[in-house]
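Report on the structure given below.
The values are calculated or read from the model by the stated rules, or taken from the named source; none is laboratory data. Here the structure is a predicted model, which is why all the values come from computation and not from measurement. Cβ atoms come from the backbone with ideal geometry, glycine included; neighbour counts cover every protein chain shown.
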Amino acid sequence: MDMRKLIYVIAGKETSLVNAECEKLLDSALGGLEPKQRVTALFTADTAGVSVSEVLDELRTAPFLTDKRVVLVKNADDFISNNRSLLEKYFDNPCPTGILIVTVSSWPSQTKLAKKLSKVGKLISVAAPKPWQLPRRLIDYARDAHSKKLSEDTAALLVELVGDELTRLYGEIDKLAIFACEDKAITISHVESLIGHNRVFGAFAVIDAVIAGKTAQAIARLRNMFAEDKTAQFSIVGAFAFHFRRMFSAKAMLEKGAWTGDIVKKLRIWSNKDSFFAQLRKMSLKQIGSILQQLADIDFKIKTGQTKANVAIEQLVLNLHTDAIV
């Protein structure tokens, strides 16, 4: 990354993406430095207690053991609002040996600071990709970070299983690249083996138990999924949604007269085929669609802090028995 600018503003509402961009910028600014040099070259300000004079003093402090002094101010929205006039003066004449990096949730383009930044610094806008853009981002990341091929189908499956948080998806690609070892491509088999097996088949077992009328067993299995997998809170909705989307597609194909063999091949139902079609016989297309809507609502509420994954999914499972399954 080009580090010739003296001021960098990273703006975005997705904290994880902003932090990831910040780490990349720091790696570029401090890359190649020894640990003792990195310590003296970087000052990270605590916005809860730091004053603007301290930040500016740090920027103007002569670098020691390196040619640049990097000052990082994270979550700087209030810091900037409270010290706008002094920062405007600094933007007019930034210290040539100091690099200022700030992260903010927004950066309005009409402000004086924004207009001054274009002359001395760089704005890095970070926006979460749209859902339909995620597979392409994963394909590019697998190629650029690990020299691995990733097909659109494999990327889409990964999004279904893991969810739509980009940094978590990148983390799964990192694991898959190691798992794939010398293979040139990360395949659906790799995803199913490393990520899908425990979560998707765990969700399948829960659904199978509740459809069979074994609600207590279904709840016990669900709770085990959360107990055994600390990341389940992030992936459990995707695992259930993956299964019900496949059920919805299979049910629609059946109602149009498709052969089960064609459905198995098209939807890649390689295991538990008998149980899968037994589940379909007990549910209508409307019921499956309703469950998918409930899962979308649960996903939204989890992401906005209105509910917790374990509570919401357990309630869904209970509703499957009392409302959806007839």
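At a glance:
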{"read-out": "Matching residues, region 121-162, being within 30 Å of Val102 (Cα to Cα), outside any strand (DSSP E or B) and in contact with a Phe, Trp or Tyr (Cβ under 6 Å, 6 or more places away or on another chain)", "value": "Tyr141"}
{"read-out": "Enumeration of residues in region 37-49 that are closer than 14 Å to Ile101 by Cβ and either surrounded by fewer than 19 Cβ atoms within 10 Å (Cβ to Cβ) or of a type in the set (Phe, Trp, Tyr) (or both)", "value": "Phe43, Thr44, Thr47"}
{"read-out": "Residue satisfying condition, being under 25 Å from Ser85 (Cα atoms), of a type in the set (S, T, N, Q) and at pLDDT 85 or above, within set Ser51, Ser28", "value": "Ser51"}
{"read-out": "Within region 5-68, helices (runs of 4 or more DSSP H) holding 2 or more residues that are under 21 Å from Leu117 (Cβ atoms) and out of contact with any Asp or Glu (no Cβ under 9 Å at 6 or more places or on another chain)", "value": "15-30, 52-60"}
{"read-out": "Ala156 being within 19 Å of the chain's Cα centre (by Cα), over 22 Å from Phe234 (Cα atoms), at pLDDT below 90 and surrounded by fewer than 19 Cβ atoms within 10 Å (Cβ to Cβ)", "value": "no"}
{"read-out": "From the options Ala252, Ala239, Ala180, Ala278, residue that is surrounded by 16 or more Cβ atoms within 10 Å (Cβ to Cβ) and at pLDDT 85 or above", "value": "Ala180"}
{"read-out": "Test set (1) surrounded by fewer than 21 Cβ atoms within 10 Å (Cβ to Cβ); (2) under 26 Å from Glu314 (Cβ atoms) - Val162 fails condition number", "value": "(1)"}
{"read-out": "Test result for Val159, touching a residue at least 24 places away in the same chain (Cβ under 8 Å), closer than 16 Å to Tyr8 by Cα and among the aliphatic types (A, V, I, L, M)", "value": "no"}
